[in-house]
Amino acid sequence: ILNVEQSPQSLHVQEGDSTNFTCSFPSSNFYALHWYRWETAKSPEALFVMTLNGDEKKKGRISATLNTKEGYSYLYIKGSQPEDSATYLCAGLPSGGYQKVTFGIGTKLQVIP
Amino acid sequence: NAGVTQTPKFQVLKTGQSMTLQCAQDMNHEYMSWYRQDPGMGLRLIHYSVGAGITDQGEVPNGYNVSRSTTEDFPLRLLSAAPSQTSVYFCASRSTGFKREQYFGPGTRLTVT
């Protein structure tokens, strides 16, 4: 199992602000990392799959980076909008057992209009 | 495509009763999994399957059984419900390649009294 930790647990930002949050994991048994967006009363939806050190992925105003050597991934949201309000989850897939996906507790983002 | 479907959406059980949560996907995904989501905790893996006839335990398997007789279906059985199993249950599926994200069902909210 690849234990992942996310910080902060919650975040309030003003509309238009840019923000970022962190997913950290032990680098020794890393295989892949997924980011998901989870809106209230819905199901998690995948944002990014990160596998290689130095990976950078982008989808609209949201981007993510991966550093497997130091064991972290950052998720960035540029110019936050109220519709970005959601919980952002990261999930770790360990080497040698990458089917056992472990989710972090999530970062709950609220964007204030 | 319907994606991942789950039934029922809501269920109330008495302690000691048994029931089956249904999960089906129409994307021909090899990998399917069950998670539970509890307040203050991340999604926790209960059981997973990498193909028909192959299942394995996740992080919190006690009290649950699974089977995978077809690619499409992955039911989760509660053998003797306990109040500690009150939770929201999510089924997910993906292709087995590690670069593939998971697709989640809408969830089943289970209350055990």
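Computed values, structure above
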quantity	calculated
Set B:66, B:50, B:4: member being farther than 25 Å from residue A:87 by Cβ and buried (at least 20 other Cβ atoms within 10 Å of the Cβ)	B:66
Residue in the stretch B:90-100 that is touching a Phe, Trp or Tyr at 6+ places or on another chain (Cβ under 8 Å), farther than 22 Å from residue A:49 by Cα and within 13 Å of chain A (Cβ to nearest Cβ) present	no
Residue match in the stretch A:40-62 (condition: more than 12 Å from chain B (Cβ to nearest Cβ), within 25 Å of residue B:97 (Cα to Cα), touching a Ser or Thr at 6+ places or on another chain (Cβ under 7 Å) and not hydrophobic (A, V, I, L, M, F, W, C))	yes
Selection within the stretch B:56-69 - at pLDDT 95 or above and either touching a Pro at 6+ places or on another chain (Cβ under 6 Å) or assigned to a strand (DSSP E or B) (or both)	B:64, B:65, B:66
Residue in the stretch B:70-113 that is nearest to residue B:11 (Cα to Cα), counting only those that are of a type in the set (Lys, Arg) and assigned to a loop (DSSP other than H, G, I, E, B)	B:100
Filter pass, residue A:33 being more than 23 Å from residue B:50 (Cβ to Cβ) and in contact (Cβ under 8 Å) with a residue 40 or more places away in the chain	no
Residue list for the stretch A:1-38, filter: farther than 16 Å from residue A:84 by Cα, hydrophobic (A, V, I, L, M, F, W, C), over 10 Å from the mean Cα position of the chain (by Cα) and assigned to a strand (DSSP E or B)	A:30, A:32
Strands (runs of 3 or more DSSP E) wholly inside the stretch A:39-112 containing at least 3 residues that are at pLDDT below 95 and surrounded by 15 or more Cβ atoms within 10 Å (Cβ to Cβ)	A:45-50, A:86-94
Sole residue being without any contact (Cβ under 8 Å) to a residue 12 or more places away in the chain and either away from every other protein chain (no Cβ under 14 Å) or surrounded by fewer than 16 Cβ atoms within 10 Å (Cβ to Cβ) (or both), chosen from B:39, B:83, B:75	B:39
Filter result for residue A:68 (within 14 Å of chain B (Cβ to nearest Cβ), under 18 Å from residue A:101 (Cβ atoms) and β-branched (Val, Ile, Thr))	yes
Near pairs, Cβ below 8 angstrom, 6+ apart or cross-chain, from the stretch B:1-22 (assigned to a loop (DSSP other than H, G, I, E, B)) to any residue that is at pLDDT 95 or above and basic (Lys, Arg)	B:9/B:109; B:18/B:77
Check on residue B:59, at the interface with another protein chain (Cβ under 10 Å from one of its Cβ atoms) and over 23 Å from residue B:3 (Cα atoms)	yes
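The values are calculated or read from the model by the stated rules, or taken from the named source; none is laboratory data. The shown structure was predicted, so the numbers you read here are calculated from the model rather than taken from an experiment. Cβ sites come from the backbone with ideal geometry, for glycine too, and all protein chains shown count toward neighbours.
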